[in-house]
1. Kindly check whether there is at least one residue in region 597-604 that is at pLDDT 85 or above, assigned to a helix (DSSP H, G or I) and on the phi < 0 side of the Ramachandran plot.
2. Considering only region 482-569, give the helices (runs of 4 or more DSSP H) lying wholly within it that have at least 2 residues that are in contact (Cβ under 8 Å) with a residue 12 or more places away in the chain and closer than 30 Å to Pro649 by Cβ.
3. Conditions first: (1) more than 22 Å from Gln231 (Cβ to Cβ); (2) surrounded by 11 or more Cβ atoms within 10 Å (Cβ to Cβ); (3) among the aliphatic types (A, V, I, L, M). Ile182 passes all but one, so which condition is the exception?
4. Quick check on my filter: what residues within region 186-204 are assigned to a helix (DSSP H, G or I) and open to solvent by less than 10 Å² (accessible area, probe 1.4 Å)?
5. Do any residues in region 142-166 that are touching a residue at least 12 places away in the same chain (Cβ under 8 Å) have Cβ atoms under 7 Å from those of residues that are open to solvent by 50 Å² or more (accessible area, probe 1.4 Å) and aromatic (Phe, Trp, Tyr), where the two are at least six apart or on different chains, and which pairs are they?
6. Between a first residue in region 717-742 that is closer than 15 Å to Leu682 by Cα and assigned to a helix (DSSP H, G or I) and a second residue that is open to solvent by less than 40 Å² (accessible area, probe 1.4 Å) and charged (D, E, K, R), which pairs have beta carbons less than 6 Å apart while being 6 or more apart in sequence or on different chains?
7. Tell me, yes or no, whether region 240-254 has at least one residue that is over 31 Å from the mean Cα position of the chain (by Cα), open to solvent by 10 Å² or more (accessible area, probe 1.4 Å), more than 24 Å from Arg197 (Cβ to Cβ) and modelled with pLDDT of 90 or more.
8. Here are the criteria: (1) assigned to a helix (DSSP H, G or I); (2) surrounded by 15 or more Cβ atoms within 10 Å (Cβ to Cβ). Tell me which single one Tyr135 does not satisfy.
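The values are calculated or read from the model by the stated rules, or taken from the named source; none is laboratory data. Because the structure is a prediction, the values reported are computed rather than measured. Backbone-built Cβ (ideal geometry, glycine too); neighbour counts: all protein chains shown. To get the accessible areas, we keep the full protein, side chains included, count just its heavy atoms, and leave off ligands, DNA and RNA. Shrake-Rupley method; radii C 1.70, N 1.55, O 1.52, S 1.80 Å.
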Amino acid sequence: INELLIDALNEKSPSVSQLARITYSRAEGNVFHLMQLLRFLVEQGVIVLADSNWTWDDTEVEEALNSSGSIFELVADTIKSLSRPTQEAMKVASCLGSEIDCFAVDQVLQTSSSGLFQEAAAHGLLEFDRGTGGYRFSHDLIQQSAFGLIAAEEQPAFLLNVGQRLWRSSSASALDENMMFIVSLINEGSSLIKEERERYKVAELNLKAGLKARAIPSFTDASTFFLKGIQLLGPSSWEDWYLLSLQLHSNAAISETMNGNHAAAASSINEVVQYGATLDDKLLAYSALARCMVEQENLHRATDVCIDVLHQLGEPFPSKFSKLRLAKEFVRVRRALGGKSDADLLNLPRMADNTKKRSMPFLLYGFFSCSLAKSPLAALFALRLMNLTLRCGLHESSSVAFASYAFTLSALQYDADEVYRFGQVAFKIVEAWNVPEHLVYVLMLIGCSAIHVRRPVLESIQTFRYAGTVGIETGFVTPAISSLLLECVYMFSAGWKLVRVRKHAMEALKLAHLYHQRQFGSGLALMLQMIICLNGNADNPCIPNGIHVDFDKSLREARQSNDEMIIGLHHSSTMRLAYIHGNTALAAEHLDATRARPSYSPLYSTKTMLCDQGLASIALCRKNEKYSENLKYAKKQMKVMEKLAKKAPSNFLHRKLLLEAEIKSLTTTNKGTVSLMYEKALAEAREQNNLWYMAIACERHGDFCHERGQSKDAQGKWKEAADHYLTWGAVAKYNQLKQRFE
């Protein structure tokens, strides 16, 4: 403050230390506040310029400041000292933002404001911007003070007047550009509009503003505009203004669904379903209903809505799965593809059949709800999406058709080249159509199924991160949070450091809680609890139970709600923990449970689970538990790994090599051959930086040496394994192994 005063009052002035002390508490260290105080003291004649020097009396300064009001009041008094027209210009400008649009102010005042703003600038209230040739408020407090000159009870009418004048004086292009801002001003005083036709026009403006907000996207602002439009039309809106009511309620339903305000969405959905005259009029509301049910994890209801609408549209869809139907749909797709190249697919004509176009979104939502529910109907929805695209042409949902087809082929363990190909076609289509919602779905689906079959799993992980970011930014939170969960699951399966997996899982869990994504939140909580077990911070390292998850309660609730995803995660996480920590009895229990669950999944994590199941089966063979059955199962999973490793060696070869070494250790007496196989598995895991499998390969090799009396070699391998476990973050396992080699 002392230095600022020296600069402001000239360094040749008398000592300013006492003045600094007096003004410090009032200015609160704020430069703007200090300059306002100095301006006030000069205007009051307390600080005077005499003989090129500023002079003052400290006592008079203190008395003047004690008798003055707040900084806010000082600024307001300065504005009040201006001419009446300039005060009006300042009040209008305060409604329009910190950067003053002189043309807009002229439109409201219906006179030129240039000279008026020059007067305000002369008093330090505005700054002239030479670059733009316009003015801006010198400080936010000045703008607030100018707005404060409008009496609270007069503000609605004042803002309404400003908004209406801008609305009526703007060109079509200017109105479109500033639609949201102008309508927001009008809405502040919309309750004062009594004439029915005027209320209709403003409701119509709110529809346009809402659509503009949703395109940004800003779903919260969009809902505000749509709901205000509904309010303006009044209780008899469906009779008096049917079309506008339909548009406002339908769009409000979609925006409120995106906001997670399901009760508000349901209200508008019910209005449209009750008063909509035709099926076409109700489609947007049904679309919002299906999406709302998915958001609330009522997946069976979402599927029923989609199937019912498809029947009404003349695109009947089975409510029950059968292999015969699946085979028929699959054959139809293969025939329609008929040797078409990627260029042929990308250049299909646009879909013209309106019935088919209206059916596509409901096939999409049906596929997504069934995928989340682990229902085999998902494959039928995917194939129908493809059939309509191939027979009727490209639609904005066709990118999801190709992505879901790739997803289905991967789940059926179809040729990896085809899976990858259709995933790439999906991505090219979504880029061309530029629909944010479909981009999120496509990224999630090809991240699940169509990348890791040919490319390093890191690319899948990066794709999930991108999908999560885009989904959160654009409001499509369900596929976004799903993608972030998958990112963490893939990171864990790829043997990334647990501290890094935990960081990403914590971030994703916060978002899951924020957006009320219970199912994905449960999956992330299980992941975090599993990491705690591995870190050595759980009572029992073999069961994911503790701060994040009450295991028994969570599993019971998942069974009651028939949540296949969460049930599967409970069993798979416990089987892995039990296997890692050597609890073969518990591993066997949950191995049986994972084997019994449906295997319809194209996920990298599911495919790696097959290898883990094979390893756990070998551990049971070593205990002579169902030896033949478990060995046969392990060999079966080894063949799957062998097939996967041919197309994506970076993701599956180290797993195949380790499982092969484990099987060989039971069926041969050649120690050298088996040791070499373990070393190959370790080398490949090291190449992929999979810390988890590096540790397992060393530990199993050590066990093999120990069983054959090679104690020194076993000790060395166990120590190496312990080091890898520690680097991975599995402190509990490190401590367990340390006892063996020490």
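1. Within region 597-604 (the criterion being at pLDDT 85 or above, assigned to a helix (DSSP H, G or I) and on the phi < 0 side of the Ramachandran plot), the answer is yes, since at least one residue qualifies.
2. Fully inside region 482-569 and qualifying: 498-514, 518-535.
3. For Ile182, the exception is condition (1).
4. Ile186, Ser190, Val202, Ala203 - these are the residues of region 186-204 that are assigned to a helix (DSSP H, G or I) and open to solvent by less than 10 Å² (accessible area, probe 1.4 Å).
5. Partner pairs satisfying both residue conditions: Ser145/Phe72.
6. Ala721/Glu699; Tyr725/Lys733
7. For region 240-254, residues over 31 Å from the mean Cα position of the chain (by Cα), open to solvent by 10 Å² or more (accessible area, probe 1.4 Å), more than 24 Å from Arg197 (Cβ to Cβ) and modelled with pLDDT of 90 or more: absent.
8. (1)
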